[in-house]
Amino acid sequence: MRVFLLVLLCSSFLFGCSNESDPLRIGSNRWLGYAPIYLADEFGWASSANIQLVEYSTSNGVIRGMHNGLLDAALLTLDEAIMLQSTGYDIEILLITNISAGADILYAHPSIRYIHELKGKRIAVESGTLGPYFLSRILEKAKLTESDIKIINTPSYMHAGELEKGLVDAAINTSAAHMQLTQSGVLPLFTSRDLPDEILDVLVVNRKRTSSELRLRLHGLWFNSLDAWLNHRERSDKRLYRRLGLDGQSLTRTLNGIVMGDKALNALYFEQDLLSARIQQTQALMLNKNLLQQPIDVSKLLPNCSGDTC
């Protein structure tokens, strides 16, 4: 598998190995939906394409890396990308990496059986990430407002401890932490499956620092690495256990809750304007819930090219 991908990356005129001195730096937090980039880094395909993965513990770190000019590209949720673009950064969405279909979860104490029973409860949410957006949609479904609950700003890695101590009644996290969180006595109450096709993860690039050749190289790296992963799961998953801190059960559970962004899914969203519509819908929700201070020009977040010209 390694030989095949390395030859493919280095021989193709689209994704070929580069003599550029400075690598393209792409920031990511440890999320299974970004696995193809981690595998490309593991097997040396990224460095062969002159692409450097910069890891962060949370997406907040990735966003800071973009703000500080340390990154040329980033893996983010769509709402995070909208927020970043709204602060004046000239970024564009290069591709959709995955769609959450059950992997993002509100865990709650078993005594809370319905989302309207969240009223008066303490909910742990990591600010600056998908959490606030996800919570706003849950409250909307429950016909509640933020004033009806108490939001506890807590890093996601601390949620299990806070739940176990009884300091919060619920927490927004992912299926990757399912085992740890359920050991704290909570159960899934609401998932992204209840918001079909709404929560997207994307790869964004800084327009001013990413040439068309680099965009093509990133496309090639992502799709070839994704194909290699899904076609050689036994070997690739072992690498991901260590890199992403997952065991086999957590990896399988999380993968079952996401739809990976292959060529077919990306073609559907980009060529039929589904991505543009989703950006507009997400932005409208963010503005309505005061998660976004000012609207963005949606067209500026989309590529100004199509197909092989990107």
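The values are calculated or read from the model by the stated rules, or taken from the named source; none is laboratory data. Note that the coordinates shown come from a computational prediction; the quantities given were computed from them, not determined experimentally. Please note: Cβ atoms are built from the backbone with ideal geometry, for glycine as well, and neighbour counts cover all protein chains shown.
With respect to Ile93, is the statement that it is within 22 Å of Tyr269 (Cβ to Cβ) and assigned to a strand (DSSP E or B) true? Give the derivation first.
Details: within 22 Å of Tyr269 (Cβ to Cβ): yes; assigned to a strand (DSSP E or B): yes.
So Ile93 passes the test.
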**Message:** Taking the condition of being hydrophobic (A, V, I, L, M, F, W, C) and closer than 19 Å to His219 by Cβ, how many residues in the stretch 72-114 meet it?
**Reply:** 12
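Of the residues Ala170, Ala142, Ala176, only one is of a type in the set (Gly, Ala, Ser), farther than 27 Å from Ile93 by Cβ and under 23 Å from the mean Cα position of the chain (by Cα); which? Write out each step before concluding.
Details: Ala142 fails: under 23 Å from the mean Cα position of the chain (by Cα); Ala176 fails: farther than 27 Å from Ile93 by Cβ.
Checking each option against the conditions leaves just Ala170.
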**Item:** Inter-residue pairs, beta-carbon under 6 Å, first part of a loop (DSSP other than H, G, I, E, B) and in the stretch 56-74, second surrounded by fewer than 23 Cβ atoms within 10 Å (Cβ to Cβ) and hydroxyl-bearing (Ser, Thr, Tyr), 6+ apart
**Value:** Asp72/Thr210
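To keep it simple, each residue is scored yes or no on (1) polar (S, T, N, Q); (2) in the same structural domain as Ala35 (by TED's automatic domain parsing); (3) farther than 24 Å from Leu32 by Cα.
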| position | (1), (2), (3) |
| --- | --- |
| Thr145 | yes, no, yes |
| Ile149 | no, no, yes |
| His159 | no, no, no |
| Lys165 | no, no, yes |
| Asp169 | no, no, yes |
| Ile172 | no, no, no |
| Ser175 | yes, no, no |
| Leu187 | no, no, no |
**Item:** Leading residue by the ranking (surrounded by the fewest Cβ atoms within 10 Å (Cβ to Cβ)) among those in the stretch 232-246 that are touching a residue at least 60 places away in the same chain (Cβ under 8 Å) and either in a helix (DSSP H, G or I) or touching a Phe, Trp or Tyr at 6+ places or on another chain (Cβ under 7 Å) (or both)
**Value:** Arg235
**Request:** Go through (1) in contact (Cβ under 8 Å) with a residue 40 or more places away in the chain; (2) farther than 30 Å from Asp72 by Cβ and name the single condition Ile96 misses.
**Result:** (2)
**Request:** Go through the residues of the stretch 135-142 one by one and say whether even a single one is loosely packed, with under 15 Cβ neighbours inside 10 Å and closer than 28 Å to Ser57 by Cα.
**Result:** no
**Request:** Name the residue, out of Leu214, Leu181, Leu255, Leu200, that is of a type outside the set (Gly, Ala, Ser), more than 18 Å from Leu106 (Cα to Cα) and touching a residue at least 60 places away in the same chain (Cβ under 8 Å).
**Result:** Leu214
**Request:** Test Arg193 against the criterion of being among the basic types (Lys, Arg) and over 16 Å from the mean Cα position of the chain (by Cα), and give yes or no.
**Result:** no
